[in-house]
1. Residue A:36 to residue A:7: extension gain in nm, 0.36 nm per residue of separation minus the Cα-Cα distance?
2. For peptide B:44-53, what's the mean number of Cβ atoms from other chains within 10 Å of each residue's Cβ?
3. If you look at just the Cα atoms of the stretch A:1-110, how large are its Rg and its Dmax in Å?
4. How do B:93, B:65 line up, fewest other C-beta atoms within 10 Å first?
5. For B:53, B:62, which order do you get if you count the other beta carbons within 10 Å of each Cβ and list the fewest first?
6. Under the definition of partner shielding as Cβ atoms of other protein chains within 10 Å of a residue Cβ, what is the mean value for peptide A:63-70?
7. Measuring from a point 7 Å out along Cα→Cβ, what nm distances, shortest first, does residue B:35 have to its partners in the other copies?
8. Shortest first and in nm to one decimal, what separations exist between residue A:116 and its copies in the other chains, measuring from label points 7 Å along the Cα-to-beta-carbon line?
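Any read-out appearing in this document is the output of simple, stated calculations on the displayed coordinates, not a laboratory observation. Predicted, not measured: the structure shown is a model, and the values here were computed from it. Virtual Cβ from ideal backbone geometry, glycine too; neighbours counted across all protein chains shown.
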DNA sequence: GTCCACCTTCAACCCGACTTGAAGTCAAGT
DNA sequence: ACTTGACTTCAAGTCGGGTTGAAGGTGGAC
């Protein structure tokens, strides 16, 4: 059966991404060069784990470059050293991200209940409503973007 | 004193951003057109509150378009209705963001302690280490990126 | 009266992360 | 044989969020 070898289209379908993304990932090195059968990429199911990891890591703020660094390391000597290193460097960032996100969540909840006739008067738009944030640090210029429907 | 009118340069310095960003923000409508004194923008100190809000909203996952929508609303009738609406639409996104970020934080902490000789064997790279995540929803393709030093 | 820092506009460029399009290859089905 | 559909490569385009550069204006100090 085809239980051992997947085409790029099958992988894409199962991972919920486009084939073009897979090729792009390969081109930037976050996926290894795939085996070919008459020119066409063949994947073993483990690729799905890897794609899942890439997805999560992206969500969590790693760039594709960083993900490549992580995954390159995973195949080499001293892998866990490099992993530890990267993980420790990245932790403060994600913690700051979480605290920013929590602050915004609080703001959104308050905003969801806002009844102010004019938002100029509303506390939500005064400094007090967001002064609890870490404010801008030089060590992190985080950007979160999401395009919900 | 200059306590009431700030130049773009002063605003930029106090907000910790570039003048070019301020002009860009104005051009895309997240900042109102500034008053001019012989061609040069003059700001009252409240602009800093606004810039702070923009910063936070960006960190929290709003695009400049969404921020404009929010702030446009803040000056109009039914402002709080629109604010409530946007806030409620955005809350699930930020909650998902937080849960993803928390999951990655857990992963990073585990990775920071990893002693595995080969990361192929390491649980961190198996499905189990991140299967607790919401996985990809169609309603959100969130991206968080941060460029720490 | 000219030097200087700071301001102006506008177009062009940059970056990451993809997507799209054109042109061609390959294996299976009829 | 030929069509179909999924694949291939490579270059170029897109999008958000800005930055950069050229060419010029303004006003206060010397």
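1. Working: separation 29, 0.36 × 29 = 10.44 nm, distance 0.98 nm.
Using 0.36 nm per residue and subtracting the Cα-Cα distance, I get 9.5 nm.
2. Numbers: counts 0, 0, 4, 0, 1, 7, 1, 1, 7, 7.
For peptide B:44-53, the averaged partner shielding equals 3.
3. Looking at the stretch A:1-110, its Cα Rg and Dmax stand at 17.2, 59 Å.
4. Ordered by Cβ neighbours within 10 Å, fewest first: B:65, B:93.
5. Ranking B:53, B:62 by Cβ neighbours within 10 Å, fewest first, gives B:53, B:62.
6. Details: counts 3, 1, 0, 3, 0, 0, 0, 3.
Per residue, the average neighbour count from other chains is 1.
7. Label-point separations across copies, in nm and ascending: 7.3.
8. Its label point is 5.0 nm from the equivalent points in the other copies.
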